[in-house]
Amino acid sequence: MFKSPYFKVRYVTFFSCVAVMNIAISCNNGEVKDKHPQAKMGIASSVFRDDSSINGYADSIKLHLSEFEKRESLVFNKDEYSFFVTRYSSNGNPVLYVEHGEGEIGSVKKYYYVHRRQLLLLTEDVFNSYESPRYRSQREYYRNDVLFHAESRSADDAATFNTAKYEKVESKNVNIGETLEQLESAITNKGNFDLTFEGITEYPKARYIILSKRELKSYRAVIRVENEDEFIQELVTNADKYKGSTLSINWEIIDGEAIYKGAERR
């Protein structure tokens, strides 16, 4: 669970390696009878023609995950949902976004495998503490941001879930461009995630920087301060001076919590 003394959250439905292109991806299942209207448009369509080749791309990314550039967002809170995003990139080009969401009754992870800023595969893994099925996983395959295949599996216990086979399901096509834009905005603190300083709390063992946006139903975030420095002392002493301003600070996500790692020098 995300550790935040400031927010109480519940699970709700929510949003969600160009190097490997040197690996020859081939289909071992014979000729693909592809009737998708955009199958021959662009490299994402011509190379990744079916779920098998897309799975190969995703597996290659997972195999070399430690070699990619990694960047994490703050832990954002809105209404009854809390999440953060991890982005993996190759030479500045995103290959995978991971959305980590959690609440009181469950947790979710969404994996967005992308190539040339187009989504190829979206995998959603959900654990629900109380409702059935407790375990659910769904995979959606895309070409040119158009859904062409979806499959899912679910169970009420981990053992059954791990041995269950994926079965084809119907799924609605979503605005992929908008979704990826939101994920990128969360990473770069832009748009809806452009939060400013609201205040700093005081606790015996740690302080918490509170960030918010001056809009109704907007996102908020907290950053735990374990070790104080000159900048934190300045925030505590002159909080009103910084209220409403953007803070140039660094953080690290540890156990689902943003931890303060110092201010950027100007």
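The values are calculated or read from the model by the stated rules, or taken from the named source; none is laboratory data. None of the values given here were measured: they were computed from a predicted structure. Neighbour counts are summed over all protein chains in view; Cβ atoms, including those assigned to glycine, are modelled from backbone coordinates with ideal geometry. Please note that ligands, DNA and RNA were not included when accessible areas were found on the heavy atoms of the full protein model with its side chains. Shrake-Rupley method; radii C 1.70, N 1.55, O 1.52, S 1.80 Å.
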Scanning the stretch 148-181 for residues that are over 18 Å from Arg116 (Cβ atoms) and of a type in the set (A, V, I, L, M, F, W, C), the one surrounded by the fewest Cβ atoms within 10 Å (Cβ to Cβ) turns out to be Ala159
Selected residue (criterion: farthest from Ser73 (Cα to Cα)) from residues of the stretch 194-214 that are within 23 Å of the chain's Cα centre (by Cα) and open to solvent by 30 Å² or more (accessible area, probe 1.4 Å):
Lys213
Residues in the stretch 16-39: is at least one of a type in the set (S, T, N, Q), surrounded by 15 or more Cβ atoms within 10 Å (Cβ to Cβ), at pLDDT 90 or above and not in a strand (DSSP E or B)?
no
Quick one: Ile54 ticks every box in (1) open to solvent by 30 Å² or more (accessible area, probe 1.4 Å); (2) at pLDDT 90 or above except a single one, so which number is it?
(1)
Return yes or no: is Thr237 out of contact with any His (no Cβ under 8 Å at 6 or more places or on another chain), open to solvent by 80 Å² or more (accessible area, probe 1.4 Å), of a type in the set (Val, Ile, Thr) and at pLDDT below 95?
yes
Please specify each residue of the stretch 127-180 satisfying the condition of being part of a helix (DSSP H, G or I) and of a type in the set (A, V, I, L, M, F, W, C).
Ala158, Ala159, Phe161, Ile176, Leu180
Those residues of the stretch 116-161 which are among the aromatic types (Phe, Trp, Tyr) and under 21 Å from the mean Cα position of the chain (by Cα), in sequence order
Phe127, Tyr135, Tyr141, Tyr142
